[in-house]
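K.L.:
Got a structure for you, written out below as structure tokens; questions coming shortly.
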Amino acid sequence: GFLGFIAQCTPLVNGEHAAAPYRGYVAGVTPQEQWDNIPQAGKLQIIAFVGMLESYGEGAGNPDGYTHYTKGGLPGFYPSIKGKGAGQITFDLYKPFPIFPEQSEAQKERGRRVEVNNGRAAMLGLMSLLSASAVPGSVPALSGIEGFPQYSGNVMIPFEGDFTLF
């Protein structure tokens with residue numbers, strides 16, 4: 001999220017493209033406006049895919065030996081997906097290529113703690129960027145950045161303008 005927001009502010013991502021990355025693409029808009037411009041079907045596909053990964057990571061199907069982290073399992077552990085989907089998935093998400101050396105249990109424990117802390121810092125960073133883009137001056141450290149993207153919509157309503165129930 002945090003690095004994605006920063007990347008989406010660069011001309012490489014939000015600038016002109018030879019071929020539009022999705023129907024309705026508009027160059028030169030903020031990251032939030034980029035989301036607003038994605039067609040509803042595309043948004044639903046993104047959310048469904050992330051939801052499937054999250055559901056599997058939370059122990060959907062109860063893989064052998066899996067214990068949820070709230071019941072004494074390892075935080076940050078993601079069950080292997082290799083061989084799933086009728087054998088069509090040939091790589092794991094966490095470690096797709098075995099090119100790194102094995103780690104000791106102490107190194108793995110430290111890595112899990114670092115990952116949790118980095119995730120927390122990234123969430124705080126993303127919320128600061130969203131706050132600064134919605135309310136100018138709300139994050140003093142970002143107030144001095146010339147051309148910081150401003151957004152007039154509501155990031156807490158991800159489907160605003162796509163459909164309504166009433």
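The values are calculated or read from the model by the stated rules, or taken from the named source; none is laboratory data. Keep in mind the model is a prediction, meaning the values are calculated, not measured. Cβ placement follows ideal geometry from the backbone for every residue including glycine, while neighbour counts extend to all protein chains displayed. SASA here: full protein model, heavy atoms, side chains in, ligands and nucleic acids out. Shrake-Rupley method; radii C 1.70, N 1.55, O 1.52, S 1.80 Å.
K.L.:
Cβ contacts < 7 Å: first residue under 21 Å from Ile47 (Cα atoms), restricted to the stretch 8-36; second residue open to solvent by 70 Å² or more (accessible area, probe 1.4 Å), any location; separation 6+ or different chain. Result?
P.N.:
Sorted first by the residue in the stretch 8-36, then by its partner, the pairs are Asp36/Gly161.
K.L.:
On to the next question. Just one of Gly15, Gly28, Gly65 is of a type outside the set (Ser, Thr, Tyr) and either open to solvent by less than 50 Å² (accessible area, probe 1.4 Å) or on the phi < 0 side of the Ramachandran plot (or both); which is it?
P.N.:
So the residue among Gly15, Gly28, Gly65 that is of a type outside the set (Ser, Thr, Tyr) and either open to solvent by less than 50 Å² (accessible area, probe 1.4 Å) or on the phi < 0 side of the Ramachandran plot (or both) is Gly15.
K.L.:
Is it the case, given these coordinates, that Asn154 is modelled with pLDDT of 90 or more, loosely packed, with under 14 Cβ neighbours inside 10 Å and either touching a Lys or Arg at 6+ places or on another chain (Cβ under 6 Å) or of a type outside the set (A, V, I, L, M) (or both)? So that I can check it myself, show each step before the final result.
P.N.:
On the way: modelled with pLDDT of 90 or more: no; loosely packed, with under 14 Cβ neighbours inside 10 Å: yes; either touching a Lys or Arg at 6+ places or on another chain (Cβ under 6 Å) or of a type outside the set (A, V, I, L, M) (or both): yes.
No; evaluated as a whole, the condition is false for this residue.
K.L.:
While we're here: Is it the case that Ser104 is under 18 Å from Cys9 (Cβ atoms) and not β-branched (Val, Ile, Thr)?
P.N.:
no
K.L.:
Of the residues Tyr22, Tyr78, Tyr66, only one is assigned to a loop (DSSP other than H, G, I, E, B), in contact with a Gly (Cβ under 8 Å, 6 or more places away or on another chain), hydroxyl-bearing (Ser, Thr, Tyr) and closer than 24 Å to Gln150 by Cβ; which?
P.N.:
Tyr22
K.L.:
Among the residues of the stretch 100-131, write down those that are modelled with pLDDT under 85 and in a loop (DSSP other than H, G, I, E, B).
P.N.:
Phe100
K.L.:
Looking at (1) open to solvent by 80 Å² or more (accessible area, probe 1.4 Å); (2) not in a loop (DSSP other than H, G, I, E, B), which is the only condition Leu93 fails?
P.N.:
Among (1) open to solvent by 80 Å² or more (accessible area, probe 1.4 Å); (2) not in a loop (DSSP other than H, G, I, E, B), the lone unmet condition for Leu93 is (2).
K.L.:
Looking at Glu33 and the list (1) at negative phi; (2) modelled with pLDDT under 85, which single condition is not satisfied?
P.N.:
Here Glu33 clears every test but (2).
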